[in-house]
Amino acid sequence: MINIVANPFGLLLKASFRVKVAIYTFATTVIALFIAAIAFLWLLNLSMKNIVTVDLRGTTDQLNTSCAASIRFGDEITGAEYLNHGGNQQVLSATLYLPDGSLFAHYDREEQSAPKFPGQTDGEVHFEWNRASILRPMQENGELIGFLYMVRDLGEIYERYFTFAWLFLGLLFAVLALTLLSTTWLHGFLRKPIQELAHAASKVDPEKGYSIRAKKVGEDELGTLTDVFNEMMDRIQSHEMDMRHSQERLRQVINLVPHMIFAKDRDGRLVLANQSMADTLGIPVEQLIDSTASKWYSREEYQKIRSHDIEVFKTDRPHFSEEVLIDHEGNQIRLQTTKIPFVQSGTSHNVLLGISIDVTRAKLAEEALRNSNDELDLRVKERTSELREAVARMERQERLALVGRVSGNIAHELRNPLGAIRQSIYYLNMIFETEDFDVKNLKMIRKHMGMIESEVDASNHVITNLLGTTQVDRQRKKEKTDLSDVIQVSVQRVWVDEWAKLNMDVDSILVWGDFLQLRQLMINLLENAKTAVKNQSDATIWIDTKFDGQSAFIHITDNGSGMSEETLTRLFEPLYTTNPQGSGLGLSICQEIVEERHGGTIQFESQEGTGTQVKVTLPLFSPQEERPLGKENLHTESFADL
Amino acid sequence: MEKKAILVVDDHYSLRVSLKDILDAKGYNVRSVSNGFDALKECDANFFDLVIIDIRMPGINGVESIRQIKEILDYAPKFFVVTAYAVDELREEALRLGVEEFLSKPIDVQLLIKRIERMFSQKRTSS
């Protein structure tokens, strides 16, 4: 207020448009009138002076002639009369002076005494404040006879001025009235559209939208302005609509997201929250805005979250964390939260945009999975051990069955010769019981005795064979033995070439060993190779021997069916066999012969469908180890055994 | 009285021969062969009252021989089956085919003779 009072322009600026227009118009008109009046007055003044001058000159010219005579004749009274009648009403005084300046005659309208000789003899009219005067020399025949001095008042001029002043005043009022009238009229023109605009503009409310339009009045600039305003409003409205739509869409989108989306300011107050957050917390979105998260988290958790927020604002980098939240139903929810620093568009306000994903289920599932994995592990272990037991049981049963089968076979093998022996004895008894004992009977007795003997031998052979395959006689002595002999004998015994092509690359190598046991070894290995290549189209068995400074090497290779991993690992296991006719003892005997009895090694390499290679290493014969030979020739014995 | 004819079928030589000698001595007309194929031929060529056959033989086994013999012949000899095992799937099959007796190895000859005699005497009375 004080300011406004102190500054009248300020007051003026605050005044209404109408007052402003009135003041401006009025002031302009008054100033124009004043200028016109001054000019007029100046012109009036000039013309009045001219009139007065002409009047004074004319009057004095008239008196000059008439008064000259009075001076010449020295007739003062006549002169005064001339002066009295010769002038007009405006003449204040007329005075005649003699050339020396002494008074001759005088007339004064108001009966005043004659003025002193003025002294100015230029004959010009002199204007004073309210009168004009002239001093004219009077001449007669070129001789100065006196002076005529006349003073005239300017009353009628002032009267005119006065009239003019009234006129001016009247004009001024008229102008004022006209101004008021015109401003009112002008106001009518200007006010309506402007008021419309102002009204429309004042009604614009961002909350209620931008549907207000100003009514157009006239097609002038204000009309254009109204159009422009309305167009502007159209644009604002459409932008507003667009913005509302995009905001709506944005809100829909963030509300569709099943994760909690929010934005927080530096103080930790929410400036944005989506429906998922509201649903989780059981608080409407509107109520969430401007509140802090302190209510929904434990004190400890909230402090942790705040420290994360501050870190994000400080470092201006995203932050990832896990949080525990209590929802409106009191459930504990585990959240995986990502916080991103974010500058709100159009402002320099930093906010923090956050997305919290509910990982409770995933976590629970993870834990459950871990638990079930543990349980599964346990069960697998249990099952595995059960299975192992079952397998072991089965193996035991299988071995028992095998033992049964083996012993069944042995029994069968023995029953035939034993049965034959029994029958022959029965027959012999029958013969001996008969009375007629003749040559024919003797022949039959001999025949049956021979049969008994041969069956006894057969039984013995069965037992010997069995011993040969199941036992390695540890008492036997080692001696200088030629591997090529061993191999030759074994190959003949096994009849390898019955089923396979035989490729031999065998040198005479002396080893320190037991011929019979080595023969058994070779027979077993060759039998296996033969079985492996059975029914193979290009079945081949290779036997190679080599030696170095210390050892002899025998390689038996076949291109047969090969062995599985499992078979390879269980090769030497007693009673383990893949051959239905096998005893499962062959390779365990081989192993014993090579490793236990001869200090060598035996190794198998095999691939299913490709074949098998057996590598046997035996120590070479060295003269230091030679023992004195016994009487018996082991080679011969071995042949006899066959 | 005509001699009863018996065929002994066994792959084991001594068993076959000793049994033939015993039954010969007992007064039967005995022939012996070493396998099922020969048994079939023998049965086709001659008449037999009884066939004693080992159940387990290489080639055609005892049961198969019995089936074929029964199929081909226009007469029906009796069959005694010799088996080494108490439990045997061939034994079951033989049972289905219809055989007279099962004999365990080694054969109890005395028992065998008793059974042969009983069978033939029964046959005689029944006929």
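The values are calculated or read from the model by the stated rules, or taken from the named source; none is laboratory data. Remember, it's a predicted structure, so these values are computed and weren't measured experimentally. Every residue, glycine as well, gets a Cβ built from its backbone with ideal geometry; the counts of neighbours run over all protein chains shown.
Data table
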| read-out | value |
| --- | --- |
| Which listed residue, of B:A94, B:A76, is more than 14 Å from chain A (Cβ to nearest Cβ), among the small types (G, A, S) and free of Cβ contacts under 8 Å to residues at least 24 places away in the same chain | B:A76 |
| Sole exception among (1) touching a Pro at 6+ places or on another chain (Cβ under 8 Å); (2) surrounded by fewer than 16 Cβ atoms within 10 Å (Cβ to Cβ) for A:N130, by number | (1) |
| Which numbered condition A:G101 fails, given (1) among the small types (G, A, S); (2) surrounded by fewer than 16 Cβ atoms within 10 Å (Cβ to Cβ); (3) free of Cβ contacts under 8 Å to residues at least 24 places away in the same chain; (4) touching a strand residue (DSSP E or B) at 6+ places or on another chain (Cβ under 8 Å) | (3) |
| Scope the stretch A:275-294; condition over 13 Å from A:R251 (Cβ atoms) and among the polar types (S, T, N, Q); matching residues | A:T280, A:Q287, A:S291, A:T292, A:S294 |
| Checking A:N331 against (1) surrounded by 15 or more Cβ atoms within 10 Å (Cβ to Cβ); (2) more than 18 Å from A:R266 (Cα to Cα), the condition it does not meet | (1) |
| Flag for B:V87 being in contact with a helix residue (DSSP H, G or I) (Cβ under 6 Å, 6 or more places away or on another chain) and either surrounded by 22 or more Cβ atoms within 10 Å (Cβ to Cβ) or at pLDDT below 85 (or both) | no |
| Unmet requirement for B:D21, which otherwise passes all of (1) over 14 Å from the mean Cα position of the chain (by Cα); (2) away from chain A (no Cβ under 14 Å) | (2) |
| Residue within the stretch B:26-35 that is surrounded by 22 or more Cβ atoms within 10 Å (Cβ to Cβ) and within 14 Å of chain A (Cβ to nearest Cβ) present | yes |
| Residue pairs meeting the criteria (Cβ under 8 Å; at least 6 apart or on separate chains; first more than 7 Å from chain B (Cβ to nearest Cβ), in the stretch A:411-425; second small (G, A, S) and not in a helix (DSSP H, G or I)) | A:A411/B:A84 |
| Any chance A:T29 is hydroxyl-bearing (S, T, Y), surrounded by 16 or more Cβ atoms within 10 Å (Cβ to Cβ), within 18 Å of A:L92 (Cβ to Cβ) and touching a residue at least 40 places away in the same chain (Cβ under 8 Å) | no |
| Any hit, the stretch B:101-112, residues being over 25 Å from A:I425 (Cβ atoms) and surrounded by 18 or more Cβ atoms within 10 Å (Cβ to Cβ) | no |
| Among (1) assigned to a helix (DSSP H, G or I); (2) farther than 15 Å from A:M138 by Cβ, the one test that A:L92 misses | (1) |
| Pick from the stretch A:199-223, criterion touching a Phe, Trp or Tyr at 6+ places or on another chain (Cβ under 9 Å) and of a type outside the set (K, R), ranking: surrounded by the most Cβ atoms within 10 Å (Cβ to Cβ) | A:A214 |
| Number of the condition not met by A:S70 [criteria: (1) surrounded by 15 or more Cβ atoms within 10 Å (Cβ to Cβ); (2) in a helix (DSSP H, G or I); (3) of a type outside the set (V, I, T); (4) out of contact with any Phe, Trp or Tyr (no Cβ under 7 Å at 6 or more places or on another chain)] | (4) |
| Test result for A:K192, under 60 Å from the mean Cα position of the chain (by Cα), assigned by TED's automatic domain parsing to the domain that holds A:R235 and among the charged types (D, E, K, R) | no |
| Within the stretch A:571-602, considering residues that are surrounded by fewer than 16 Cβ atoms within 10 Å (Cβ to Cβ) and out of contact with any Ser or Thr (no Cβ under 8 Å at 6 or more places or on another chain), the one modelled with the highest pLDDT | A:G599 |
| Selection from the stretch B:45-64 of residues that are modelled with pLDDT of 90 or more and more than 14 Å from chain A (Cβ to nearest Cβ) | B:A45, B:N46, B:F47, B:F48, B:D49, B:L50, B:V51, B:I53 |
| Subset of the stretch B:1-18 (residues that are hydrophobic (A, V, I, L, M, F, W, C) and over 22 Å from B:A76 (Cα atoms)) | B:L15, B:V17 |
| Residues located in the stretch A:507-534, provided they are assigned to a loop (DSSP other than H, G, I, E, B) and buried (at least 16 other Cβ atoms within 10 Å of the Cβ) | A:I509, A:D514 |
| Residue under evaluation A:E527, criteria (1) in contact (Cβ under 8 Å) with a residue 24 or more places away in the chain; (2) farther than 21 Å from A:Q492 by Cβ; (3) of a type in the set (D, E, K, R), criterion not met | (2) |
| Given (1) assigned to a loop (DSSP other than H, G, I, E, B); (2) surrounded by 17 or more Cβ atoms within 10 Å (Cβ to Cβ), number of the condition A:H187 does not satisfy | (1) |
| Subset of the stretch A:8-31 (residues that are more than 13 Å from A:V175 (Cα to Cα) and touching a Ser or Thr at 6+ places or on another chain (Cβ under 8 Å)) | A:R18, A:V21 |
| Any hit, the stretch A:255-263, residues being among the small types (G, A, S), modelled with pLDDT of 85 or more and touching a Leu at 6+ places or on another chain (Cβ under 7 Å) | yes |
| Given (1) within 14 Å of chain B (Cβ to nearest Cβ); (2) modelled with pLDDT of 85 or more; (3) surrounded by fewer than 14 Cβ atoms within 10 Å (Cβ to Cβ), number of the condition A:R379 does not satisfy | (1) |
